[in-house]
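J.: Attaching a single structure in structure tokens format; questions to follow.
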Amino acid sequence: MPLLKSLDSKSAVSAAFRLKGGLFPLTLLEIAHYNCAEFEQQLQSKAAEAPVFFQQTPVVLSFEEFNGDLNALPLGELVAICKANGLLPVALRNSNPELQAQAKLLDLAIMPVGRVKAAAEEQAPAAEPKAHAAKPSAAETEQTTEFSHSPSRIVTTPIRSGQQVYAPGGDLIIMASVSAGAEVLADGNIHIYGALRGRALAGVRGDTSARIFCQSLEAELVSIAGNFKVDEDLRNNHWKAAVQASLDEQSLCITPLV
């Protein structure tokens, strides 16, 4: 008769895995309307403009602004076109049941729609009777902003290829260069007192007032609140110059530092 071994804390087999939270920026592919030939042609043109970006890039398919019948949309066909052009759809962002059913068959994750925006719109009518209420003073506004803002994160060493540095709730200040293949992210602004050769993403939680500053623009990608440009676009102006990146409505602008 075999002997039974007790599995105490010392003899138990170590865990094969563990779950950890991580921050990985995903590109949102917002689709306004769909025609197979037109969609494929436009995607091929964009891939030709930025071939580095269209290399196994994960994207979330969003149909929040879609103009057409979502029930008749051939999602599998659309996903195949994306994959053929270097994009890897990993998730769907839409509440349409038929579209979600197709997404599950294609092994796509279902991402939540813009809940904050929807909640704000639902509460708007109820808030109308309070329109005459006194507005908060400037001091109160400043106190609220300061309370919700985290201290800046300061990094004094170079950011090497393969590294990812994130500043949650505040600015990221790097007193050195960012190498190609590295990624720096911040909820607020990004200041780089050296060359930016990797990827810089500011306002990653949607702050459209965020900016990116660097002493030499040699970036693979710069992004503010999800609006981005890749190196093929950046090389046209101010390449290897001291610049700042900011948003003008939904357009990412690169201007020299003065």
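J.: Describe numerically, in nm with one decimal, the distance between label points set 7 Å from Cα along Cα→Cβ at TRP239 and at GLU65.
T.: Each label point lies 7 Å from its Cα, and together they span 3.0 nm.
J.: A further question follows. Compute the convex hull volume of the Cα atoms of the stretch 151-256, divide it by the residue count, and report the result per residue in Å³ as a whole number. Display every interim value, and only then the final one.
T.: Details: hull volume 8.0 nm³, N = 106.
Spread over its residues, the Cα hull of the stretch 151-256 gives 76 Å³ apiece.
J.: Further question: Any idea what % of Cα-Cα pairs in the stretch 27-110 are farther than 16 Å? Don't jump to the answer; show the numbers that get you there.
T.: Numbers: 1677 of 3486 pairs.
Here the long-distance tail beyond 16 Å is 48 percent of all Cα pairs in the stretch 27-110.
J.: In what sequence do TYR166, TYR193 fall when counting other Cβ within 10 Å, fewest first?
T.: On the way: TYR166 16, TYR193 13.
Least to most surrounded, the residues fall as TYR193, TYR166.
J.: Treat the count of other C-beta atoms within 10 Å as a stand-in for reagent exposure and order ILE173, ILE192, ILE154 from fewest to most.
T.: Working: ILE173 18, ILE192 26, ILE154 12.
The fewest-first ordering by Cβ neighbours comes to ILE154, ILE173, ILE192.
J.: List every residue whose amide H lies under 5 Å from the amide H of MET111, counting only residues 5 or more places away in sequence or on a different chain, with H placed 1.01 Å from N in the peptide plane.
T.: HN-HN under 5 Å from MET111: LEU92, ARG93, ASN94.
J.: Here is a follow-up. Roughly speaking, what is the stretch gain from LEU28 to THR255, that is 0.36 nm per residue apart minus the C-alpha to C-alpha distance, in nm to one decimal?
T.: Details: separation 227, 0.36 × 227 = 81.72 nm, distance 2.53 nm.
My answer for the length gained is 79.2 nm.
J.: Here is a further query. When the Cα atoms of the stretch 198-242 are enclosed in a convex hull and the volume is divided per residue, what value in Å³ results? Display every interim value, and only then the final one.
T.: Working: hull volume 2.8 nm³, N = 45.
Value for the stretch 198-242: 62 Å³ per residue.
J.: Something else about it: Points 7 angstrom from Cα along the Cβ direction at ALA47 and GLU77: gap in nanometres?
T.: Going by the 7 Å Cα→Cβ label model, 1.8 nm.
J.: Search the structure for amide H atoms under 5 Å from the amide H of ILE190, placed 1.01 Å from N in the peptide plane, and list their residues when 5 or more places away or on another chain.
T.: LEU172, ARG211, ILE212, PHE213
J.: Further question on the same structure: Which ³J(HN,Hα) values, rounded to whole Hz and listed in residue order, are derived for the stretch 221-236 from phi using the Karplus coefficients 6.51, -1.76 and 1.60 in 6.51 cos²θ - 1.76 cosθ + 1.60 with θ = phi - 60°, glycine and proline given as x?
T.: Each residue's phi maps through the Karplus curve to give 6, 10, 9, 10, 6, x, 8, 9, 9, 9, 4, 4, 6, 5, 5, 5 Hz.
Throughout, read-outs are computed from the coordinates displayed, never taken from laboratory work. Source: prediction; values computed, not measured. Reconstructed Cβ throughout: ideal geometry from the backbone, glycine too, with neighbour counts over all protein chains shown.
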